[in-house]
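One structure below.
What follows is calculated from the coordinates using simple rules that are stated; it is not laboratory data. As the structure is a prediction and not an experimental result, all values here were calculated from the model. Every residue, glycine among them, receives a Cβ derived from its backbone with ideal geometry; neighbour counts consider all protein chains shown.
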Amino acid sequence: MADKERVDVSKLDELSRRDLIKRAGAGVILVYGGLGAHGVAYGAPKYRQKELAGTLRILQWSHFVPAYDKWFDNVYTKAWGRANDTEVIVDHINQADLPARVAAEAAAGRGHDMVATLAPLPQYEDRVINHKEIVQAVTRKRGKMKDVAYRSCYNPKTKKYFGFPDSYAPDPVNWRRDYWQEVGFGGGPTSWDVVKRAAPKLRENNRPIGIGMSNEIDSNMALMALMMCFGSFIQSRGHRVTLNTKKTVEVLKFARDLFRSGMSNEIFAWTAASNNQGFLAGRLSLALNAISIPRSAELSNRDLADKTMIAPIPKGPNGRLGLEHVMHTYMVWNFAENKRMAVKFLADLETKYVGAFENSKFYNFPAFPKSVPNIPVRLARDSNTPKGKYKVLGTISEKYTKNVGYPGFTNAAIGEIFDTYLIPQMFAEVAQGRRTPEEAARDYHARLGTIYAKWRRRGKI
Amino acid sequence: MATVAASGRTRRRRRNLLESRRFLATALIAPAVLFILVLVGGPLLLAMYLSLTDAVGGTLGGEWVGFDNFLNAWRDPNFRRALRNTLLFTIVSQAIVLLCAGLIAHALTRPIRGKWLLRFLIILPWAAPVPLSTIGWLWIYDSLFSVVNWVAKQLHLVDQFNPPQWLGDPTLALGAVISVHAWRIIPFAVVIFLAGLASIPSEVEDAAKVDGAVGLKKFWYVTLPLQLPIATVALLFGIVFTATDMTVVYILTQGGPFNSTQMLTSWAFFTGIRGGSLGEGAAVSLYLLPLLVVVAVLMLRFARKVEVT
């Protein structure tokens, strides 16, 4: 049968040129016409084995752990897409480029259905849906959302969830066990007082403390956490600026003295990657960062990884109060073309978060703790040495992780202060002796007050 | 017959229209004018409107606040520093550009071996995309891995523990930003200077020689006056390129240390886009407008002058 249908090449010479063109034309119409009709009936085929009706477009960062993106793009979203008859398209960009891209999409009213940022962006509240529906859907199945996530994405003034946080990264202290042992502080940085006493000795050995005071995200996080350990807060529970206090003066003096006795001036020039680089190069004895430092060391330098310890933020006069390092927040635009599936996607992702937690190598802690069963057991199971190193992340996430703007909610004013680097600026000016701690506390209180007044006028605080 | 005559008339009218200087000039310049109106005029008007509102990130409008954004910006010390830096970066970098470009261009007019290779190498910084080349500079000035510091440390010229922080000390960081601005604009100025030098008639050179003008004297009395109009063009372009650029500061320092290297462009970005106060960001950027208007008027006047001569 097949042989009969096959064109006999020897007979081609007998065909006229016109006949040949006619037959070829008819063949083309048959083949493409057939395919076209099929396409009209079912939509363009997206997958080899199955056609999907809808499309969901997501923009998010290139995860620090590449394995997470592989799992998210190639496993999770594909499986979810097949189950929900939706093609999920995920675009990744560098985290530093996200704010500008998000602003462009918001202004244009076009782009992805949802975007994920590393910190909540309350300023876009009017451009996103109320994510309450997602929160409720997950709460019904997994119980309450963690307080740190709730305070990061909810505006009590407008009663709106301006984002949906799927996860956050606890922010431990990374320290070199061998360096600290050399100077007689084998217990590590248990309190800020210990850090201050160990710092001159570590510096003497060319192993400075690394707490950034630069225009970058890690400096913001580390310094705001340091402030809270000393009882200094940017705002009150009722969202009033509370910077000009004795506690702020105290923490500024502490940071200045710590810089002079135990750090090098490179901290003023840091980028977001610098503390990782400094630690991995063997220079720093301590850095405040998420688990990106030990995870990188595990890939490139086993010996260094074994000597790298993680611990909760050191205890200060006001106890231990740290920040999340990343509050991974999805925002579904109110102009999204596929809002319905965006909402379902996020609810489904959060409800079964085990894959995300494991593939991010414990970087992504679920915003709804019950979405990942047995977190302490999973942390203890990590095979890297020293064994059980990551168990402490459970304690940090449970006890010492607060939102940016604690004890209040994260809001647009906090966002602007964060993004214009006013807190690192204040610390750096004092550390370099350009202002006294008292002047700095007074002056920055006034500057922050202007920003709060502006956002209050806009009805967002 | 009548139809044929009518179509002939239409053709003639069309041909006459194309011969008309007024029509042709308008037709030819229209696409450029349209382009400028849509891509420059439109956004400029939008920025003016936004600067008078309390617009927030992601919106293109807000409540009318008059000149509040301009006043708020002026009261902010970071803004005033950004304004000062914009002027400082522009003036100092352009002084360096003029000096270096003049020297290089003169050197390149002399018969030296490998002149074409030298010209190619000098042009390279201009050909490379600004973000890429600035990332290169970021590594040169890096806080930990700076190649400059590495060399200086090997030669025991700097403190081994605390070497100079090119991007961490306000004065050094200002110098670093200026040096990168100058580095990227020098090639452009060199090309313009070379064109200017090539346009000096050889008779003038010969006459100067006969009159005994050589070396510095010849440069001062002959070459410099003849080159001045073209140097001014290079200067004006350089001012625009530097004052309106935010890439260098954004990549090199993010405005740090402690916002001491912010320019108006970068501060507008951090306030308006990153911080979400779009109206205030627009106001910050519009402070540049008077400077740019002056430069644009000067450019047009010089262009006309060159055209007349």
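Structure values in brief
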quantity	calculated
Cα gyration tensor category, rounded, prolate or oblate, for the stretch A:227-274 with a/c compared to 1.5	oblate
Cβ neighbours within 10 Å from other chains - mean over A:294-303	0
Proximal aspartates and glutamates relative to A:LYS387, as straight alpha-carbon distance under 15 Å, when same-chain residues fewer than 8 apart are discounted	A:GLU298, A:ASP303, A:ASP306
Separation between Cα centres of the stretch B:228-269 and the stretch A:188-265, rounded to whole Å	33
Exposure proxy ranking, count of Cβ atoms within 10 Å, fewest first, for A:THR248, A:THR158, A:THR117	A:THR158, A:THR117, A:THR248
DSSP-defined antiparallel bridges as percent of all bridges, the protein assembly as shown, nearest 5	60
Mean residue ellipticity (222 nm) of the protein assembly as shown, computed from DSSP H runs ≥ 4 via -39,500 (n - 2.57), nearest 500	-17500 deg cm²/dmol
Pairwise Cα inverse-distance average, inverted: Kirkwood Rh of chain B (Å)	23.3
Within 10 Å of each Cβ in A:392-401, the average number of Cβ atoms from other chains	0
Three-way shape label, the stretch A:338-461, alpha-carbon gyration tensor, a/c 1.5	oblate
When each of A:LYS160/A:LYS361; A:LYS144/A:LYS399; A:LYS315/A:LYS389 is checked by Cα-Cα distance, pairs over 25 Å	A:LYS160/A:LYS361
Helical segments meeting 24 Å axial Cα length and Kyte-Doolittle -1.0 threshold in chain A (DSSP H)	A:17-42
Ascending count of other beta-carbon atoms within 10 Å, so fewest first, for A:GLU429, B:GLU203, A:GLU250	B:GLU203, A:GLU250, A:GLU429
Cross-link pairs beyond the 18 Å C-alpha cut-off, checked among A:LYS157/A:LYS454; A:LYS157/A:LYS402; A:LYS196/A:LYS253; A:LYS157/A:LYS370	A:LYS157/A:LYS402; A:LYS157/A:LYS370
Computed FRET value (nearest 0.05) for B:VAL38 with B:TRP139, which takes r as the C-beta separation and R₀ as 35 Å	0.35
Neighbour-count ranking [beta-carbon atoms within 10 angstrom, fewest first] of A:LYS361, B:LYS218, A:LYS387	A:LYS387, B:LYS218, A:LYS361
Three-way shape label, the stretch A:259-318, alpha-carbon gyration tensor, a/c 1.5	oblate
Distribution of pairwise C-alpha distances over chain A, 10 Å bins, in %	4, 19, 27, 22, 12, 6, 4, 4, 2, 1, 0
Overall Cα dimensions of the protein assembly as shown, principal axis frame, Å, largest first	96, 96, 61
